[in-house]
1. Would you mind ranking B:ARG81, B:ARG186 by Cβ crowding within 10 Å, fewest neighbours first?
2. Let me confirm one metric for peptide B:4-17, namely the mean number of other chain beta-carbon atoms within 10 Å of its residues' beta-carbons.
3. Which one of A:GLY232, A:GLY52, A:GLY260 has the biggest mean-square fluctuation once chain A is modelled by GNM with Cα springs under 10 Å?
4. Can you sort B:VAL110, A:VAL55, A:VAL277, A:VAL63 so the residue with the fewest Cβ neighbours within 10 Å comes first?
5. Provide the per-residue ³J(HN,Hα) series for region A:230-240, in order, calculated from phi with Karplus coefficients 6.51, -1.76, 1.60 and θ = phi - 60°, each as a whole number of Hz, with x at glycine and proline positions.
6. Just rank A:VAL133, A:VAL234, fewest to most, by other beta-carbon atoms within 10 angstrom.
7. Please give the charge dipole size of the protein assembly as shown, origin at the Cα centre, charges +1 on K and R Cβ atoms and -1 on D and E Cβ atoms. Round to the nearest 20 debye.
8. Is the C-alpha gyration tensor of region A:156-268 telling us rounded, prolate or oblate? Criteria: a/c under 1.5 is rounded; beyond that, a/b larger than b/c is prolate, otherwise oblate.
Amino acid sequence: MPSPQSRVGESRSADPIPALAGIGLRFPHHDHVLARRPDVAWFEVHPENYLGFGVAAEDLEAVRRDYRVSLHATGLSLGSADGLDAEHLADIAELCRRIQPGLVSDHLSWSAASGLHLPDLLPLPYEHETLAVVARNVDQAQSALGRPILIENPSTYLAFAGAALTEAQFLGELVKTAGCGVLLDINNIAVSAANLGESPAERLRSLLDGVPAAAIGEIHLAGHALRRLDDGTVLRIDDHGSPVSPAVWSLFEEAVARIGARPTLIEWDTDIPAFAVLEAEAAIAQSILAQTVRRWGHAAAC
Amino acid sequence: MPPLAELQRRMAMALLRGDGWDAEAPPARRADAAFDVHRDTVLSVLSNALRLTFPTVDTLVGERFFNQAAHAYAAARPPRRARLSEYGETFPAFLGGYAPAQALTYLADVARLDMAVAGALFAPGSSVRRHVAIEDRIDLALPLSLTTLALRHPADLIRAAIEADDDQALAAIDLAPRQRRIAVWRDGRTAVVQPLSLAPGQFLSAILDGDPAELALADVLAEAAAPQAALTAIQTEVFAARFAQITHTPCPDHTP
């Protein structure tokens with residue numbers, strides 16, 4: 001198959017993602033963004049939706065001409081004991097070459113096993129064996145992409161009994177071992193804490209204690225759903241389908257007050273609303289970041 | 001705790017096949033409900049991925065039926081790659097043998113057309129073309145997105161009626177099996193679906209499969225009941241088609 005000429009010989013340099021509020025770009029908003037060029041500091045996309053050729057890939061290239069772009073992968077499966085899918089990693093690397101994203105990230109989770117790929121961010125037991133597996137896979141990904149990546153703390157529904165490490169310890173060790181950064185998902189902290197019967201504030205503090213502030217390169221904000229179980233308890237579901245909750249805004253304020261401003265993303269993946277709703281959420285995030293910058297006098301380097 | 005590879009293998013099987021979660025790999029708290037969250041996510045993401053590729057099938061059968069078929073397919077043919085836009089390559093054939101859909105004899109062909117449309121939208125734009133040389137002096141340039149389908153049911157008519165939300169047109173379609181040839185290609189942000197007559201369909205399929213154009217043309221004309229009519233149809237539906245670009249290099253002998 002011949003290469004489209006539009007993709008040959010590109011040498012766009014990567015623009016760093018600023019410590020401002022950005023928006024997760026999804027296909028229903030492509031036309032709006034390309035036609036109106038809204039005032040958004042940066043966009044983040046899931047690279048798995050833009051691999052290869054086609055309308056979506058061309059849209060992303062057009063968006064990239066006017067905006068900084070971050071790639072947030074969901075399919076590298078960095079926690080797979082079987083290792084990474086080399087072909088998929090090469091596809092992501094090729095997209096990085098074309099788009100020159102300011103940041104690249106994926107999750108502390110697994111999706112692939114025994115030759116199958118399950119499209120979910122599945123939980124890892126925080127054991128020393130797992131740490132070695134994830135560190136090896138992160139190292140392979142970073143080598144292929146030619147850059148450090150950020151690893152996102154996951155939403156947790158299952159806690160493995162008797163795990164050797166806490167999530168904060170695991171991420172802290174991973175940063176030291178693999179030289180990666182961390183994407184701090186505040187909504188995931190709220191979801192995990194509630195589902196595991198912990199204090200969200202304590203879980204946040206634990207993560208901020210366990211991970212060097214300099215390693216935290218991005219923050220995610222999103223909404224979550226509540227599912228009432230038969231026993232009357234509530235499970236929080238990280239569905240990215242509603243506004244950021246007041247509790248998550250509060251945790252965000254606490255996080256940036258401690259580590260400083262970071263590139264902060266509004267994620268919305270289900271029941272996607274009008275673009276103006278995302279802009280309004282980003283404006284709230286931006287006002288909190290701005291307060292932090294005023295208080296600190298500058299945005300923290302990241 | 002089993003080794004990580006074994007834990008992941010067991011969990012993957014349990015999520016896809018609905019097997020019970022093995023007590024030797026025990027999550028701690030509210031495990032069943034939490035496990036259901038992951039199972040729901042896996043199945044809903046796969047259903048939605050198939051729904052994006054097969055929108056006409058989805059509209060025809062409805063959300064509930066589609067989800068049941070998608071879940072059955074996920075258990076039988078789970079994805080092997082993270083690139084879900086490519087998931088469902090065998091879904092049309094699966095639907096052809098899916099017992100609850102046996103009465104919908106046209107459904108597999110509708111799925112094949114949906115998949116061709118999705119494939120065209122994931123192909124490079126029409127500026128990227130494959131070139132077919134004819135007797136060294138004619139270059140037939142075809143979009144890389146161009147594919148042809150040989151179907152037994154009027155999937156193109158069904159898709160058009162559904163796209164137009166025209167129930168009357170849908171009800172009026174003659175569903176009797178009949179050979180149909182269809183071309184699909186990408187034009188800008190949309191995919192074009194165009195029925196072809198027999199000879200142009202055969203010729204186009206052959207050259208897209210890599211047959212030399214002269215050989216493909218000779219084969220089609222040799223099989224045609226009315227060769228001149230077949231040649232005229234090929235000229236009209238292939239060489240003069242919207243998707244085709246023709247470049248002719250004049251023979252040096254003809255220069256003035």
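Each reported figure results from applying straightforward, stated rules to the coordinates on display, with no laboratory input. Computed from a predicted structure; not experimentally measured. Here Cβ is always computed from backbone atoms with ideal geometry, including for glycine, and neighbour counts include all displayed protein chains.
1. Placing the least packed residue first, the sequence is B:ARG81, B:ARG186.
2. 6
3. Highest fluctuation among the options: A:GLY232.
4. A:VAL277, A:VAL55, A:VAL63, B:VAL110
5. 4, 7, x, 7, 10, 9, 8, 10, 7, 9, 6
6. By the 10 Å Cβ count, ascending, the order reads A:VAL234, A:VAL133.
7. Computed charge dipole of the protein assembly as shown: roughly 640 debye.
8. Oblate shape, in that a/c is at least 1.5 and b/c is the bigger or equal ratio.
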